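A short reminder: the numbers here are calculations on the coordinates, not readings from a lab. Predicted, not measured: the structure shown is a model, and the values here were computed from it. Please note: Cβ atoms are built from the backbone with ideal geometry, for glycine as well, and neighbour counts cover all protein chains shown.
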Amino acid sequence: MAFELPALPYSKDAFGDLISSQSFDFHHGKHHQAYVDKTNTAIEGGELENAKLSEVILAAQKSGNQGLFNNAAQVWNHSFYWQCLSPEKKNPSGALAAHIEDSFGSKSELLKAFKGEATGHFASGWVWLFLDGEELKITSLHDADTPVVHEGMKPLFTLDVWEHAYYLDYQNRRGDHIEAILDNAINWEFVAKNLDGKGVSRADQG
Ligand code: MN
């Protein structure tokens, strides 16, 4: 069964100037779609044809098939990413707020650390907030690398820092994009849901 491009969980003009609908047209409609198409082409007729997306990613890494790994991991990363965003400004509450306080001291300290990691990341990649045991941690991964293949790294939230994520709206102002998204568009309810350690399943398919 072929993988599909998941629909965005909001309308593509919901974010106003923060993320333009044209940006979604390219980022979701072209880039994410291309990763889906290339993954499907690569597994068609092979032994991974009916595997789940997460299984394809793990198998590609194990066999050293970098092309398949890159495309399949990007399908998963983007499917997770869209769910991390909300056009409505939210705040962490309950168990998530307590976890944030324990691990970072406050939400603003968490965001400061996340912004530092994101602006400091050289070239393409993703910045992750994840659960490591009981602790919340932040790290960046290069290119298509994904928590799916990092044992014990339970994803809660991510930010796409590939140039294609912001160039239409922010050109070279990567820092402005990072600030704008993190200050206004985090779906904290989705982050809280992922405290159950099942974040990988929320962007899986097949
Ligand atoms: Mn992207």
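One Cα centroid belongs to region 30-83, the other to region 120-199; the line between them spans 19 Å.
Compared with the direct C-alpha span, the chain from residue 44 to residue 93 gains 13.2 nm at full extension, assuming 0.36 nm per residue.
Excluding same-chain neighbours fewer than eight residues apart, the lysines reachable from residue 89 by a Cα-Cα span under 25 Å are 12, 107, 112, 115, 137, 154, 193, 198. Going through region 76-131, which chymotrypsin sites (Phe, Trp or Tyr not before Pro) have at most 13 other Cβ atoms within 10 Å and a DSSP loop state? Passing both the DSSP loop test and the Cβ count: 122. Between residue 196 and residue 37, the contour length at 0.36 nm per residue exceeds the Cα-Cα span by 54.2 nm.
Taking the convex hull of the alpha carbon positions in region 19-103 and averaging its projected area over all directions gives 8.0 nm².
Each label point was placed 7 Å from the Cα along the Cα-to-Cβ direction; for residue 66 and residue 189 their separation is 4.2 nm.
How much length would be gained if the chain were fully extended between residue 10 and residue 164, taking 0.36 nm per residue of separation minus their Cα-Cα distance, in nm to one decimal?
Values: separation 154, 0.36 × 154 = 55.44 nm, distance 1.99 nm.
Stretched fully, the residue 10-residue 164 segment lengthens by 53.5 nm.
Within region 94-141, the GluC sites (Glu not before Pro) that combine a DSSP coil assignment with at most 15 other C-beta atoms in a 10 angstrom radius are 134. Label positions at residue 150 and residue 106, each projected 7 Å from the Cα along the C-beta direction, are separated by 2.7 nm. In this simple spin-label approximation, residue 122 and residue 20 carry label points 7 Å from Cα along the Cα→Cβ vector, and these lie 3.1 nm apart.
The radius of gyration of the Cα set in region 20-206, together with its Dmax, comes out at 16.3, 51 angstrom. Working from Cα pairs under 8 Å separated by at least six residues, relative contact order for region 20-206 is 28 percent. Among 170-183, 151-164, the peptide with the highest mean count of other Cβ atoms within 10 Å heads the list, and the full ranking is 151-164, 170-183.
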